[in-house]
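Undergrad: Before anything else, here's the structure in question.
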Amino acid sequence: MADLTTAAGTGPYRREVIDGRTTGETDWLKAARRAAFETFEATPLPTTKLEEWRYTDPRLLKWDGVTVGAAGSVDAERTGAAAPARAMLEDRTASATVVQLNGTNVHIDVPADLAARGVVVMDLSLAASDHEALVREHLGRYAPADAGKFVALNAALWSGGLLIYVPRGVRIERPIRVARWIDRSGEAFFPRTLVIAADGSHVGVVEEYRSPDFEQPVFHCGVVEIAAAPTAEVQHVSIQRFGRGVHHLATVRTTAGRDANLDTLVVNLGGSVARVDLAASLEGAGARSDMLGLYFGQADQHFDHETRQDHRVPHASSDLLYKGGLDDRAHAVFRGMIKVFPKAQRTDAYQTNRNLILSRQARATSLPNLEIEADDVRCSHAATVGHLDDEEMFYIMSRGVRRKEAERLVVFGFFGEVLDRLPMPEVVQELRADIEEKIG
């Protein structure tokens with residue numbers, strides 16, 4: 001049997017693994033998985049010779065040092081193994097909830113009133129059959145298998161996938177919550193989320209990722225696709241708080257139609273290595289995308305954020321703000337691109353990355369970029385890497401505040417600009433608590 005990673009030389013991914021993912025699936029989805037497998041096999045492994053992988057060697061992800069086990073069992077709901085995931089949802093404001101354990105959706109709760117309005121929150125494998133036309137139209141359209149080797153790997157092996165669909169004109173005021181918990185080490189996991197917001201709809205989705213610390217590596221390779229139809233409003237929040245030993249790779253693709261608002265917030269606090277590749281495509285006049293990011297690294301954590309703002313049509317806007325704090329020997333990489341296509345006149349696009357360094361050994365690499373092919377635009381980018389302000393620290397400590405507490409206050413103030421822009425106040429409060437716990 002041929003090895004799935006022939007192009008890379010070695011690895012645990014083999015053809016027969018797909019069979020364990022396709023049991024009971026519809027024929028078209030099985031064919032799509034096999035086609036993605038072939039794409040993965042034919043696609044070379046990226047190297048640091050590529051600009052987008054220059055500062056993060058793919059070997060850091062430990063993707064070939066794990067096994068691909070069977071997806072978790074729904075019996076875990078009865079044995080109590082899913083209790084930590086359920087605890088992630090306690091005291092959380094939510095309109096619908098999803099509990100996932102080790103790559104399996106063990107519980108999905110959609111209130112009757114939402115279901116009556118046509119809202120769909122369900123396992124993606126089941127949705128591929130029950131809502132075939134919808135899923136076939138959108139799955140892999142925004143993050144196709146040929147977008148990269150790891151995207152193809154996810155397209156072939158995803159499990160615990162999720163479809164969220166909001167019909168035309170339906171507004172959901174409270175966020176849909178997804179709690180993903182991993183407690184198995186030495187394995188690879190491949191979540192997939194597809195969010196479709198029809199014309200004039202409104203929805204917020206919060207996905208949270210957690211695990212204990214592991215001695216053996218874990219590879220977590222996820223893909224999120226979000227489509228906002230004309231005049232739709234979508235907020236998507238991803239909160240990564242994995243334990244040590246988890247190597248997290250996420251590909252996020254969003255597309256916004258005419259007069260749509262599509263906001264994202266990426267939070268990286270946990271894991272040993274975390275790389276997020278996020279691209280927003282503005283495809284309708286009046287479309288807007290706010291792209292927010294927060295990260296705080298300690299010890300030898302490595303965070304890499306690759307972002308794109310693709311302006312394909314006139315009269316669209318985007319605004320990116322990523323902020324990070326780094327302590328100990330942590331390293332953060334930011335590489336952003338604003339791409340304005342030839343006909344995208346009257347584009348309004350901004351990109352800002354700021355880093356706060358808290359130790360002599362911490363490092364930040366910031367590479368904002370512009371590529372403009374239209375002549376009537378407003379575009380700018382900015383990047384800063386700075387240490388704690390001595391005068392500010394002196395002022396705070398002169399009021400009797402100890403240095404560690406003073407640092408914490410400065411970091412909170414530094415992150416405040418990002419949190420204040422998220423139109424989900426209940427989530428902001430939770431994030432403040434998460435950051436406080438992380439800083440200590």
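Undergrad: Note the direction-averaged projected area, equal to a quarter of the hull surface, for the Cα convex hull of the chain, in nm².
TA: 21.2 nm²
Undergrad: Mind checking the log10 I(q)/I(0) for segment 313-380 at q = 0.15 Å⁻¹? Debye, one equal scatterer per Cα, no solvent, two decimals.
TA: With one equal scatterer per Cα and no solvent, log10 I(q)/I(0) is -0.55.
Undergrad: What FRET efficiency comes out for ASP389 versus GLN345 if R0 is 41 angstrom and r is the Cβ-Cβ distance? Round to the nearest 0.05.
TA: Values: r = 41 Å, r/R0 = 0.99.
With R0 = 41 Å, the Cβ-Cβ based efficiency is 0.50.
Undergrad: Considering only protein heavy atoms, what per residue accessible area in square angstrom results for the chain with a 1.4 angstrom probe?
TA: 40 Å²
Undergrad: Also, I was wondering about something else. Given 0.36 nm per residue, what is the gain on full extension from LEU60 to LEU370 after removing their alpha carbon distance, in nm?
TA: Between LEU60 and LEU370, full extension yields 108.8 nm more.
Undergrad: Let me ask another. Across 5 Å bins from 0, what is the distribution of all Cα-Cα pair distances for segment 231-341, in whole percents?
TA: Here the calculated profile for segment 231-341 is 3, 12, 24, 21, 15, 11, 8, 5, 2.
Undergrad: What is the packing order of peptides 32-41, 191-200, taking the mean over residues of other C-beta atoms within 10 Å and listing the highest first?
TA: Going by the mean number of other Cβ atoms within 10 Å, highest first, we get 191-200, 32-41.
Undergrad: Tell me the carbon and sulfur percent of the accessible area for the chain, rounded to whole percent, probe radius 1.4 Å.
TA: Looking at the chain in its full context, I get 47 percent from C and S.
Undergrad: Follow-up question, since we're still on this one. Could you report the accessible area of THR43 in Å², rounded to 10, computed with a 1.4 Å probe on the protein chains as they sit in the structure?
TA: 30 Å²
Undergrad: Explain nothing, just the number: relative contact order of the chain, from Cα pairs under 8 Å at least 6 residues apart, as a whole percent.
TA: It comes to 9 percent, rounded to a whole number.
Undergrad: Of all beta bridges DSSP finds with both residues in the chain, what is the antiparallel percent, to the nearest 5?
TA: 5 percent
Undergrad: Moving on to the next point. Could you tell me which chymotrypsin sites (Phe, Trp or Tyr not before Pro) in segment 202-304 are loop residues by DSSP with no more than 14 other beta carbons within 10 angstrom of their beta carbon?
TA: Sites meeting the loop and neighbour criteria: none at all.
Undergrad: Continuing with the same structure: Taking the alpha-carbon centroid of each part, what is the distance from segment 406-433 to segment 36-60 in angstrom?
TA: After rounding, the separation between the Cα centres reads 34 Å.
Undergrad: Add -39500 (n - 2.57) for each DSSP H run of 4 or more in the chain, then divide by its residues: what number comes out at 222 nm, to the nearest 500 deg cm²/dmol?
TA: Helices in the chain give a 222 nm mean residue ellipticity of -6500 deg cm²/dmol.
Undergrad: I've got another one for you. Can you find, among ALA179, ALA128, ALA152, the residue farthest towards the positive end of the dipole of segment 127-184? Put +1 on the C-beta of Lys and Arg, -1 on that of Asp and Glu.
TA: Checking the options against the dipole of segment 127-184, the answer is ALA179.
Undergrad: Then there is this: Treat each spin label as a single point 7 Å out from the Cα along the C-beta direction, and report the LEU50 to ARG378 distance in nm.
TA: Each label point is offset 7 Å from its Cα along the Cβ direction, giving 3.6 nm.
Undergrad: Nothing charged except the Cβ atoms of Lys and Arg (+1) and of Asp and Glu (-1): what's the magnitude of the dipole of the chain about its Cα centre? Round to the nearest 20 debye.
TA: Charge dipole of the chain: 340 debye, to the nearest 20.
Undergrad: Tell me, what are the semi-axes, in whole angstrom and largest first, of the equivalent ellipsoid of segment 312-440 as set by the roots of 5 times the Cα gyration tensor eigenvalues?
TA: Listed largest to smallest, the semi-axes of segment 312-440 are 34, 17, 12 Å.
Undergrad: Which number gives the lysine pairs in the chain that have C-alpha atoms under 24 Å apart and are eight or more places apart or on different chains?
TA: 10
Undergrad: Oh, and also: Given a Förster distance of 35 Å, report the FRET efficiency between SER129 and GLN361 from their Cβ-Cβ distance, rounded to the nearest 0.05. Let's see the in-between values first.
TA: Working: r = 52 Å, r/R0 = 1.50.
The value I calculate is 0.10.
Undergrad: A further question follows. Just to compare against my own numbers: the Cα pair-distance distribution for segment 98-189, 10 Å bins, whole % per bin, please.
TA: 14, 40, 35, 10, 0
Undergrad: Would you kindly state how much longer the chain becomes between ALA112 and ARG399 on full extension, computed as 0.36 nm times their sequence separation minus their alpha carbon distance, in nm to one decimal? Present the calculation step by step, with values, prior to reporting the outcome.
TA: Numbers: separation 287, 0.36 × 287 = 103.32 nm, distance 5.43 nm.
Going from the current span to full extension adds 97.9 nm.
Undergrad: What FRET efficiency do you get for ALA42 and PHE412 if R0 is 60 Å and r is their Cβ-Cβ distance, rounded to the nearest 0.05? Kindly include the intermediate steps, with their values, before the conclusion.
TA: Values: r = 48 Å, r/R0 = 0.80.
E(calc), rounded to 0.05, equals 0.80.
Undergrad: Residue separation times 0.36 nm, minus the C-alpha to C-alpha distance between ARG432 and LYS30: what's the value? Show your work: numbers first, answer last.
TA: Numbers: separation 402, 0.36 × 402 = 144.72 nm, distance 4.24 nm.
Answer, rounded to one decimal: 140.5 nm.
The values are calculated or read from the model by the stated rules, or taken from the named source; none is laboratory data. Just so it is clear, the model here is predicted, and its values are computed rather than measured. Cβ sites come from the backbone with ideal geometry, for glycine too, and all protein chains shown count toward neighbours. Keep in mind that these areas ignore ligands, DNA and RNA; they rest on the heavy atoms of the full protein, side chains included. Shrake-Rupley method; radii C 1.70, N 1.55, O 1.52, S 1.80 Å.
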